[in-house]
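Nothing in this text is a laboratory measurement; each read-out follows from the coordinates by a stated rule. Since the structure is predicted, the reported quantities are computational estimates derived from the model, not experimental observations. A quick note on method: Cβ atoms are made from the backbone with ideal geometry, for glycine too, and the neighbour counts reach across all protein chains shown.
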Amino acid sequence: MKKTTKTILVTGGAGFIGSNFINHIYKKYPYYDILLLDALTYAGNLDNLREDMKHSARFKFHHGNITRADIVSELVAKSQIVVHFAAESHVTRSIYDNAIFFETDVMGTHAIANAIAKRPVERFIHISSSEVYGTALRDPMDEDHPLNPMSPYAAAKAGADRLVYSYLHTYNIPAVIVRPFNNYGPFQHIEKAMPNFIVSALLDRPLTVHGKGQSSRDWLFVQDTCEALDAIMHADLDKVAGQTINLGTGRDTKIIDIARMVLKALGKPGDLIKFTPDRPGQVSRHISSTDKAKAAIDWQASTSLEEGIERTVRFYADNRDWWKKYLWMKELWGP
């Protein structure tokens, strides 16, 4: 690939997947400049980013909300590629306090899609979510699976997803809609299931499992997601523009089995698992088709669930100071 200087705008890049993606791009492409727009809500943390990058002329952080059209337009005008992660992303919180989800996820996406329609970029990668599908109606779930969001969070993500789709067809923006399945790995907020289980086990506290833990998910290690997004950034535009692409492993694992794998990795007893009533809007099963990602960008997940859990457990065991500041939120929201 020709080493051409580009400016990449990443929204929500201080969050979990976004920060892993920025760290990946910064290290791999020393000729790319990175603009980060993030509101630094509770889930955004600049400590997630590489220290050397934060002091580099190739990186610039802009503290602001994705719904601010003036800020978004200014940054889009400086960019060739836009990768849009910014969103509220916790299912349980969306059940009890959901207005902010529609403001950020839908209106924030509206602001950035509008800016791109007015100031064209080379490509726009919108990070949607497998949650837009709801429970699997067929196995595996391909990109044509019906959208049946089952929580306010999923509905907000579905609204943003379809908004980008409409701009793609109305304004011909070079958009790619990406629907990652359940990501896990370093720097994930402890409100999410995998880190919640790990932190609970490290503290010898109960691992709270909804219902009987029979709901299953397609678990994707975050570094694999970063490599897929990298491939989408650099694929021939005619292969990806206008496409919706799932990112998953094609394997689903029950929540109860994830809890057991975490306990095994840490040498903790199985009786730490505690069952609690099922969560409203619970999705029973998610499993991704991998065919389109393989055909369009020649990508497939390379990290096994066993290896991914081992690497994730190691991160939380070795970085207690990073997650201890969030413990009060763990008590408030649970898994």
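Computed quantities for the displayed model
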item	result
Peptides 307-313, 168-174 ordered by average Cβ neighbours within 10 Å, highest first	307-313, 168-174
Calculated log₁₀ intensity ratio I(q)/I(0) where the Debye formula runs over C-alpha points of segment 217-335, q = 0.13, 0.14, 0.16, 0.23 Å⁻¹	-0.70, -0.80, -0.97, -1.34
Summed side-chain charge close to residue 34 - residues other than residue 34 whose Cβ falls under 9 Å, Lys, Arg +1, Asp, Glu -1	+1
Ranked packing of 35-48, 9-22, most packed first, by mean Cβ within 10 Å	9-22, 35-48
Length-normalised contact order for the chain - Cα pairs under 8 Å, 6+ apart - percent	18 percent
DSSP H segments from the chain that extend 24 Å or more along their own axis, Cα-based, with Kyte-Doolittle mean of -0.5 or above	152-171
Cβ-based net charge around residue 294, under 14 Å, with every Lys or Arg adding one and every Asp or Glu removing one	-4
Debye, to nearest 20: dipole size of segment 250-335, +1 on Lys, Arg Cβ, -1 on Asp, Glu Cβ	220 debye
Full-stretch length increase - residue 6, residue 237 - with 0.36 nm per residue and alpha-carbon distance subtracted	81.6 nm
Projected label distance in nm at residue 214 and residue 55, using a 7 Å step from Cα toward the beta-carbon	5.5 nm
Which of 275, 101 has the fewest Cβ neighbours within 10 Å, and the rest in rising order	275, 101
Residue order, fewest to most beta carbons within 10 Å, for 179, 119, 162	119, 162, 179
Contact order normalised by residue count of segment 245-307, Cα under 8 Å, 6+ apart, percent	56 percent
Neighbour net charge for residue 136 - beta-carbon separation under 14 angstrom, K R +1, D E -1	-1
